[in-house]
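Only one structure is covered here, and it is reproduced in the block below.
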Amino acid sequence: MHKSRARLRALDSASPGDILLFTHARGFNRVITMFSGSRYYHVGLYAGGTEVIESRVKGVSKRDLAEARLRLRFRVVHAPGGPEVGRAALEWAEKHLGERYAYFSIFALIFDRLVDRIFGPVDIIWRQRARVSCGEFVAQAYEAAGEKLFPGIDSESVAPWDFARLLRRHTSR
């Protein structure tokens, strides 16, 4: 089996609109896992084939995972609410390609996680107009499709590690 195909076999069970939850961070992403205490550092929406729509430093874009320089590892979370909801979330996401990344939000999320560990639950939200972090982007896509992934949590506060809650109910086998 070709190396790039072997690392993407998790997509065999995925449908467009499913959530890809990335693990095994490298480089700067290790800072996210170190401070969050979670193995999950990034999240995106499966767009079919080997593509994902995600919010990254370059902004909201579509990326071909088969062309990634690094070996990417992720879990597939089947679309909460079903395939129709996943497809609707993906359609919304495609209309938001090019939006800018919320640089400060990820630092606020990490800081919030640290404060929670020391002092208990505190919500710190750094709002950046017309900019989205990866977790916020996926949460907004599902909200637009009619599925609130995390009731009681503002989409701007959603981080990759929050999606681990969905693994028990919606993961691939």
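Each value in this text was obtained by applying a stated rule to the coordinates, not by laboratory testing. Remember, predicted model here, so these are calculated numbers, not experimental data. Cβ coordinates were reconstructed from backbone atoms using ideal geometry, including for glycine residues, and neighbour counts include every protein chain displayed.
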Environment charge of LYS62, counting only residues whose C-beta is closer than 9 Å and scoring Lys/Arg +1, Asp/Glu -1: -3
Amide H partners (placed H, <5 Å) of GLU99, local residues excluded: VAL60
Packing rank of 68-75, 90-97, where each peptide gets the mean count of other beta carbons within 10 Å, highest leading: 90-97, 68-75
Counted charge near GLU143, where neighbours are those whose Cβ lies closer than 11 Å (Asp, Glu -1; Lys, Arg +1): -2
